[in-house]
Amino acid sequence: MFIPVGFEQRSVITSLGRMVYYTATGLPWQENKVASEELETLVFLHGFGGGSSAYEWSKVYPAFASEYRILAPDLIGWGRSEHPVRNFTIEDYLTTIREFLQQTCTLPVRVIASSLTAAFTIRVAIAHPELFKSLILTIPSGISDFGQDYSRTFFAQLISIPVIDRILYTTGVATENGIRSFLEQRQFAHPNRIYEEIVEAYLESAKQPNAEYAALSFVRGDLSFDLSLYIQQLTIPTAIIWGQKSQFTSPGIGHRLAQMNPQAIKYFQELQDVGLTPQLEMPAVTIGLIRKFLPLLTESPTAVTY
């Protein structure tokens, strides 16, 4: 089990099934349940990739548990949440993210999200601004930004071939070597920052029954879109953290996205020497940046700060 001390697993029912989430329920974080429910809520949403889950934020969210009510879900198709047998669509995640927030939060909340899920969160915030107080996003990208078509890349085309897709998943993704290779080559700037627990947590998620459906939908490009077509509609105060050495999406894309909407995107922080998941690769730095941005977004300054 990869649940931090003082947290427990709970769940809600969405239109696509049961969504598991993790929340602090007592010592050492909260003295009692009433006190916990009176705290402001922080929601942490993980990104996508082979074996993704709420574990991605587990080295960060406990740092806020004594001050905030923490909610960290495994999105549908990932982690310990339900794994429907279906080819997932963008609308599936826009809907279930909205449903999760509506079922667990009564007031507008601060959401911290990463990569493609961060891009989905922007779209949910555009459609339902009443659900959000602020956003802190690490490398928000639709993967096909500014007219790039990820689904036409060689690997996306290869993984679209029936039978081959399942073979590649079971032999190249849902294995210890497959997980470690992905983390080393695609997710971390420095492989020596990957320790055994990270590999084990990703592998546990990747080996859940029917886990391949969400993962293959992601790798095929079924969930990718051009975030630049939406980002100007965002009105929620937002800060962006972008790993300098992130694969797939360079900091240049992040700067271009931020410059399209300086009214909402108040801060853009490029983070040196880190890859796609600063929350795992540099958790202490990520915690520090989140702490920096939370009060600043409340103050709502008027210009992008680099």
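Select from the stretch 256-268 the residues that are buried (at least 18 other Cβ atoms within 10 Å of the Cβ) and not in a loop (DSSP other than H, G, I, E, B) and list them in ascending order. Result: LEU257, ALA258, ILE265, LYS266, TYR267, PHE268.
In summary, ALA63 fulfils each of the numbered conditions (1) assigned to a loop (DSSP other than H, G, I, E, B); (2) surrounded by fewer than 24 Cβ atoms within 10 Å (Cβ to Cβ) with the single exception of condition (1). Going by what's in this entry, would PHE218 be described as assigned to a helix (DSSP H, G or I), within 24 Å of ILE90 (Cα to Cα) and of a type outside the set (Gly, Ala, Ser)? Taking the combined requirement at face value, the residue satisfies it. Checked against the criterion of being under 19 Å from THR238 (Cα atoms) and open to solvent by less than 20 Å² (accessible area, probe 1.4 Å), the candidates THR96, THR121, THR104 yield just one match: THR121.
Per the conditions (1) at pLDDT below 95; (2) farther than 25 Å from GLY275 by Cβ, the sole criterion not satisfied by PHE2 is (2). The single condition among (1) more than 16 Å from SER114 (Cβ to Cβ); (2) crowded, with 20+ Cβ neighbours inside 10 Å that ILE290 does not meet is (1).
Within the stretch 80-93, the residues that satisfy the criterion of being of a type in the set (Ser, Thr, Tyr) and either buried (at least 21 other Cβ atoms within 10 Å of the Cβ) or over 18 Å from the mean Cα position of the chain (by Cα) (or both) are SER81, TYR93. Checked against the criterion of being in contact (Cβ under 8 Å) with a residue 40 or more places away in the chain and either open to solvent by 60 Å² or more (accessible area, probe 1.4 Å) or outside any helix (DSSP H, G or I) (or both), the stretch 30-39 contains not a single residue that satisfies it.
The values are calculated or read from the model by the stated rules, or taken from the named source; none is laboratory data. Every value quoted in this text rests on a predicted model; they were computed, and no experiment measured them. A quick note on method: Cβ atoms are made from the backbone with ideal geometry, for glycine too, and the neighbour counts reach across all protein chains shown. Heavy atoms of the whole protein, side chains included, go into the accessibility calculation; ligands, DNA and RNA do not. Shrake-Rupley method; radii C 1.70, N 1.55, O 1.52, S 1.80 Å.
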